[in-house]
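Notes follow the structure.
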Number of protein chains: 2
Amino acid sequence: MTGCRVSVDTVLFRLGLARLQVLLLRRLRPPFAGWSSLPGGLLHPREELQAAAVRILRQRAGLDDVYLEQLFTFGDPARDPRGRVITVAHIALVPPATPLPAGDASWTPLHALPRLAFDHRRIVDYALQRLRGKIEYSPVGFRLLPEEFTLTEVQEAYEAVLGRVLDKRNFRKKLLSLKVLRPLGRARKVGAHRPARLYRFEESRWEGVRDKGNVFVF
Amino acid sequence: MTGCRVSVDTVLFRLGLARLQVLLLRRLRPPFAGWSSLPGGLLHPREELQAAAVRILRQRAGLDDVYLEQLFTFGDPARDPRGRVITVAHIALVPPATPLPAGDASWTPLHALPRLAFDHRRIVDYALQRLRGKIEYSPVGFRLLPEEFTLTEVQEAYEAVLGRVLDKRNFRKKLLSLKVLRPLGRARKVGAHRPARLYRFEESRWEGVRDKGNVFVF
DNA sequence: GGAGTAAGTGTGACGTTGACACGAACTCCC
DNA sequence: GGGAGTTCGTGTCAACGTCACACTTACTCC
């Protein structure tokens with residue numbers, strides 16, 4: 001068969017300690033043995049691209065049910081020293097408490113990335129850029145949160161992604177005005193201070209928001 | 001070599017008669033003989049993705065020096081009846097006067113597309129959606145215009161892409177306030193009416209605009 | 001009951017958006 | 001040479017969104 005190999009790599013983000021983290025694997029074999037890399041693998045012959053990303057995340061990180069979207073296809077003929085492999089990169093988002101199986105996978109803060117194998121650094125950089133753009137006009141940010149969350153948690157998520165601090169009152173005012181959160185009437189008791197009210201994101205209320213040109217720009 | 005074939009397809013837009021048009025080729029051979037399709041072809045073994053798109057546009061449409069960006073990679077295992085081919089779709093923009101070589105290529109208005117081969121209709125739809133989004137926060141719109149243009153031409157370009165009419169005074173006020181156009185001090189004399197002043201887009205003035213959060217939303 | 005901590009809340013200044021109508025400049029024709 | 005026809009080019013005002021900014025509330029722990 002003529003053609004070249006096609007792989008799928010995923011930049012998997014989560015929030016940890018109010019910082020954005022990505023999942024990295026430690027490579028055991030050459031090339032780049034001992035380096036860190038994104039979870040990825042070759043596309044199977046009759047497999048959808050996104051299905052491949054899902055399969056690989058399950059195999060390599062024991063994860064199920066993650067939010068996934070295609071990012072970009074990297075095709076530099078020299079990106080893999082073993083021969084040509086083009087890779088379809090994806091972005092994935094998971095909530096903070098996502099467990100990891102033991103093994104060679106670890107969450108790494110984005111501001112302290114080690115050297116990455118192949119062109120994976122470029123892929124991560126591009127993924128962050130895209131995530132920053134997208135979080136402002138789409139509700140993907142909630143994929144980084146648990147189902148029930150406080151407003152402070154939402155703000156921390158936005159701050160972690162955007163890399164800047166936001167004004168508390170303005171953030172809450174804007175977010176609530178979009179009418180996409182449903183207050184649960186309950187509160188989370190945590191520590192020695194006033195409990196925070198819990199909310200849930202209502203996917204179904206999103207459509208009208210986008211149609212009106214409203215958006216998560218804070 | 002294990003792997004599947006990889007092709008590159010391009011949705012090439014231009015403006016014609018104040019409408020958005022795409023370049024279509026007529027297929028001569030099966031599958032889909034007689035149908036229209038996007039210009040595309042197989043990736044060469046040591047070729048960059050974007051270089052392949054450039055080569056194909058040159059070969060199939062005689063075009064050089066077009067604006068190109070990657071759109072999305074379509075990987076449905078059944079998208080080509082001959083066997084698996086994943087395709088890296090691109091968007092290209094050219095100014096209105098772009099000549100076409102004779103042959104099987106033709107400009108087709110977007111609102112009157114014929115049936116397209118493979119999944120090319122889906123690709124065109126997605127390309128339009130992306131172009132509409134992108135024109136509002138990046139100056140790609142100017143790639144659809146000649147180097148020197150009038151404000152009315154810019155407005156027509158935005159109206160054609162966005163598919164809605166815009167207010168003339170508000171459009172001009174906003175566009176000029178971004179300070180990315182350089183007035184040429186000359187005018188284009190055309191027909192029996194007041195001549196229109198000519199402008200040029202200044203790439204170098206764009207950075208500051210984006211940094212300030214300004215944008216081409218009209 | 002006092003200290004400590006995060007949650008929750010409103011106002012006013014400023015800038016942006018959006019609706020809206022008419023004179024200016026040119027050509028062509030008579 | 002003047003009138004008809006056509007597109008170019010321009011300003012104001014009201015409504016709305018954004019941004020800066022500080023204190024009280026609710027709870028726990030000692």
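What list of ³J(HN,Hα) values in whole Hz, one per residue of region A:41-47 in order, does the Karplus curve 6.51 cos²θ - 1.76 cosθ + 1.60 (θ = phi - 60°) give from phi, with Gly and Pro shown as x?
Values per residue, Gly and Pro as x: x, 6, 5, 7, x, 10, 10 Hz.
Under a Cβ-Cβ cut-off of 12 Å, what is the net charge of the residues other than A:N214 that fall near it, where Lys and Arg count +1 and Asp and Glu count -1?
Values: positive: A:K174, A:K179, A:R205, A:R210, A:K212; negative: A:E136, A:E207, A:D211.
My count for the surroundings of A:N214 gives +2.
Using modelled amide H (1.01 Å from N, peptide plane; none on Pro or chain starts), what sits under 5 Å from the amide H of A:L12, excluding residues fewer than 5 places away?
Placed amide hydrogens put A:L23, A:A92 under 5 Å from A:L12.
Please compute the per residue accessible area over the protein assembly as shown with all protein chains in place, 1.4 Å probe, rounded to a whole number of Å².
That works out to 52 Å² per residue.
Can you list, shortest first in nanometers, how far A:A18 lies from the same residue in the other copies, with each label 7 Å from Cα toward Cβ?
Counterpart label points of A:A18 in the remaining copies fall at 5.5 nm.
Pull out a ≥ b ≥ c, the square roots of the eigenvalues of the alpha-carbon gyration tensor of the protein assembly as shown, then state rounded if a/c is under 1.5, prolate if not and a/b is larger than b/c, and oblate in the remaining case. The partial results should precede the final answer.
On the way: a/c = 2.06, a/b = 1.20, b/c = 1.71.
Here the protein assembly as shown falls in the oblate category.
Inside 10 Å of the C-beta atoms of A:64-72, what's the mean count of C-beta atoms belonging to other chains?
Other-chain Cβ atoms within 10 Å of each residue's Cβ, averaged: 1.
Suppose we flag trypsin sites (Lys or Arg not before Pro) only when DSSP calls them loop and at most 11 other Cβ atoms lie within 10 Å. Which is the longest uninterrupted stretch of chain B? Could the numbers behind the result be given before it?
On the way: sites that count: B:R46, B:R82, B:R115, B:R164, B:K189, B:K212.
By the stated rule (loop sites, at most 11 other Cβ atoms within 10 Å), B:116-163.
Determine the total buried accessible area between chain B and chain A, counting protein heavy atoms only with a 1.4 Å probe; round to the nearest 100 Å².
Rounded to the nearest hundred, the buried surface is 1900 Å².
Straight-line reach from A:K212: which lysines have a Cα under 25 Å away, not including same-chain ones fewer than 8 places off?
A:K134, A:K168, A:K173, A:K174, A:K179, B:K134, B:K168, B:K173, B:K174, B:K212
Could you please state how large a percent of the accessible area of region A:139-211 is carbon and sulfur, counting protein chains only and using a 1.4 Å probe?
48
Which parts of region A:45-63, residue by residue, lose 20 Å² or more of accessible area when the rest of the protein chains are there, as against the chain isolated (1.4 Å probe)?
Checking the loss per residue gives A:P45, A:R46, A:E48, A:L49.
Where in region B:1-26 does accessible area fall by at least 10 Å² between the isolated chain and the complete protein assembly, at a 1.4 Å probe radius?
B:M1, B:T2, B:G3, B:C4, B:R5, B:V6
Indicate, rounded to the nearest 5 percent, the antiparallel portion of the DSSP beta bridges found entirely in the protein assembly as shown.
Restricted to the protein assembly as shown, the bridges split so that about 75 percent are antiparallel.
The values are calculated or read from the model by the stated rules, or taken from the named source; none is laboratory data. On a predicted model such as this, the values are computed, not experimentally measured, just so you know. Don't worry about glycine lacking a Cβ; one is built from the backbone with ideal geometry, like all the others, and counts go over all protein chains shown. Keep in mind that these areas ignore ligands, DNA and RNA; they rest on the heavy atoms of the full protein, side chains included. Shrake-Rupley method; radii C 1.70, N 1.55, O 1.52, S 1.80 Å.
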